[in-house]
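First up is the structure itself, then whatever we jot down about it.
The values are calculated or read from the model by the stated rules, or taken from the named source; none is laboratory data. What you are looking at is a predicted structure, and each value in this text was computed from that prediction instead of being measured. Heads up, the Cβs are rebuilt from the backbone with ideal geometry, glycines too, and the neighbour counts pull from every protein chain shown.
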Amino acid sequence: MGKDVEVGGHDHYGPKDYQDPPPADLFDPEELTKWSFYRAIIAEFIATLLFLYITVLTVIGYKSQTDPAHSPDQCGGVGILGIAWAFGGMIFVLVYCTAGISGGHINPAVTFGLFLARKVTLPRAVMYMVAQCLGAVCGCGLVKAFQKSYYNDYGGGANELAEGYSKGTGLGAEIIGTFVLVYTVFSATDPKRNARDSHVPVLAPLPIGFAVFMVHLATIPITGTGINPARSFGAAVMYGKDKAWDDQWLFWVGPMIGAAIAAFYHQYVLRAGAVKALGSFRSNA
């Protein structure tokens, strides 16, 4: 059983059987000279490209299989459950493959949350987001290049607010959905949790993939499920219709707010960041 951080009688912390990594600098010039920095950016680009390629193909395939003009079986195809599995399963696979190289973000909202928690530097966060968005555009571009008619006929996998739902409902769905995802990322990679529960081995990509799966089940009928600005941006760029762009702000504002709330909740409530800061202030006073 791990030991929680304790503030002693002299306002200092008790011993711990785990080691928190030091907060990342806002800007680290030395980082820009390392191949590992650029290798991580490439990994994020390729991972997001593969993520969009597989998932958008799944969405388009499902819509074509249930189109009355092409198939009399309206219950055919993978269904919403299969689409959710495609998104969650790909995140599981890609996070597993890239976690040791880039951290396996594959999502600007995850990167933003980790930046707020001082897990990554500002240049790394910005470059990751750029790589993720470009990867998403290229992934959707491959789908469109290989199946242009299907891509255009079945919406290009673009996220849009469904009819009957208000902007507020869509925004709330994106905020809460992204909170679930980013909160899971923090929990699955928390060194304190890993030390405390070392007798229960947990493969971090698994709960992260399941979080994506569960959120898709809940929010596909509302927004098509964004919770990943790069995913929504890449599909909108390649599809190019007005509706996808009109709702685009939902898929940036919502995920970024959800990620910020998750970062604050994990770092300052669950990990008692506010208490640590106060104890440090008192010890230096």
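Points to keep in mind about this one:
- Spans of helices (runs of 4 or more DSSP H) in the stretch 88-204 with at least 1 residues over 23 Å from V59 (Cα atoms) and at pLDDT 95 or above: 108-116, 122-146, 167-188
- Comparison of V56, V110, V126 shows that the only residue that is within 20 Å of A262 (Cα to Cα), crowded, with 19+ Cβ neighbours inside 10 Å and β-branched (V, I, T) is V110.
- Every pair of residues 6+ apart whose Cβ atoms lie under 7 Å, when the first sits in the stretch 43-66 and is more than 24 Å from M129 (Cα to Cα) while the second is of a type in the set (F, W, Y) and not in a loop (DSSP other than H, G, I, E, B): I60/Y150; I60/Y151; S64/Y150
Yes/no per residue for (1) more than 14 Å from L181 (Cβ to Cβ); (2) of a type in the set (G, A, S):
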{"position": "L81", "(1), (2)": "yes, no"}
{"position": "V95", "(1), (2)": "no, no"}
{"position": "G100", "(1), (2)": "yes, yes"}
{"position": "G103", "(1), (2)": "yes, yes"}
{"position": "V110", "(1), (2)": "no, no"}
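- Among the helices (runs of 4 or more DSSP H) confined to the stretch 215-268, the ones with at least 1 residues that are in contact (Cβ under 8 Å) with a residue 40 or more places away in the chain, surrounded by 24 or more Cβ atoms within 10 Å (Cβ to Cβ) and small (G, A, S) are located at 229-239, 250-264.
- The residues in the stretch 136-170 that are within 16 Å of D246 (Cβ to Cβ) and either of a type in the set (F, W, Y) or crowded, with 21+ Cβ neighbours inside 10 Å (or both) can be counted, and the count is 7.
- Matching option when the condition is at pLDDT below 95, buried (at least 16 other Cβ atoms within 10 Å of the Cβ), farther than 23 Å from I208 by Cβ and not hydroxyl-bearing (S, T, Y), among G76, G61: G61
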